[in-house]
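To start, the structure under review is shown below, and the notes come after it.
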Amino acid sequence: VQLVESGGGTVQAGDSLRLSCVVSGRIYSSSAMGWFRQAPGKEREFVAALDWGYGYTKYADSVKSRFIISRDKGQNTLYLQMNSLNSEDTAVYYCAVDRQGLASLRMGNGVDYWGRGTLVTVSS
């Protein structure tokens, strides 16, 4: 399984961006996919996750009501719509797959596959 992220870039505070993660390989319905991010000088943190089969979602408190995670099962693609961006959202965003499901992915220590990341820079 390979994950390739795209959609990062430099935007102004208050702008929106949509990240995509294309998955090559099979994703089982019991798996979860999600997004993590790592800001300069900080540890990687959970952003949002989605149950691939049922579509249930989880969000970090810092992005709830601003970010929306979604998927296109037919295209094997995961999305992250990011609205009302601010400087604290500046980070490299990583796509991840955890075959154990949503709860495991939310913890972040059971991820089976990672993408290489895409950089999002928000200028104020």
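The values are calculated or read from the model by the stated rules, or taken from the named source; none is laboratory data. Here the structure is a predicted model, which is why all the values come from computation and not from measurement. Cβ sites come from the backbone with ideal geometry, for glycine too, and all protein chains shown count toward neighbours. Surface areas here come from the heavy atoms of the whole protein model, side chains and all, with no ligands, DNA or RNA. Shrake-Rupley method; radii C 1.70, N 1.55, O 1.52, S 1.80 Å.
Things to note:
- 5 Å-binned pair-distance histogram of the chain (Cα, whole percent): 2, 13, 24, 26, 20, 10, 4, 1, 0
- Highest mean packing first, where packing is the average number of other Cβ atoms within 10 Å per residue, the peptides 3-16, 78-91 line up as 78-91, 3-16.
- Each Cα pair under 8 Å and six or more residues apart adds its sequence gap; the mean of these over the residue count of the chain is a relative contact order of 36 percent.
- With a simple spin-label model that places each label point 7 Å from the Cα along the Cα-to-Cβ direction, the separation between residue 87 and residue 42 comes to 1.3 nm.
- Phi to ³J(HN,Hα) by Karplus 6.51 cos²θ - 1.76 cosθ + 1.60 over the stretch 85-94, Hz, x for Gly, Pro: 5, 10, 4, 6, 8, 5, 4, 8, 9, 10
- Here the accessible area of the chain is 44 percent carbon and sulfur, with a 1.4 angstrom probe and all protein chains present.
- Accessible area per residue for the chain is 52 Å², calculated with a 1.4 Å probe on protein heavy atoms, without ligands, DNA or RNA.
- For q = 0.12, 0.24, 0.28 Å⁻¹, Debye-computed log10 I/I(0) when each Cα of the stretch 1-60 counts as one equal scatterer: -0.38, -1.22, -1.30
- Difference of contour (0.36 nm per residue) and Cα-Cα distance, residue 13 to residue 65: 17.1 nm
- Euclidean distance of C-alpha centroids, the stretch 10-46 and the stretch 92-121, integer Å: 7
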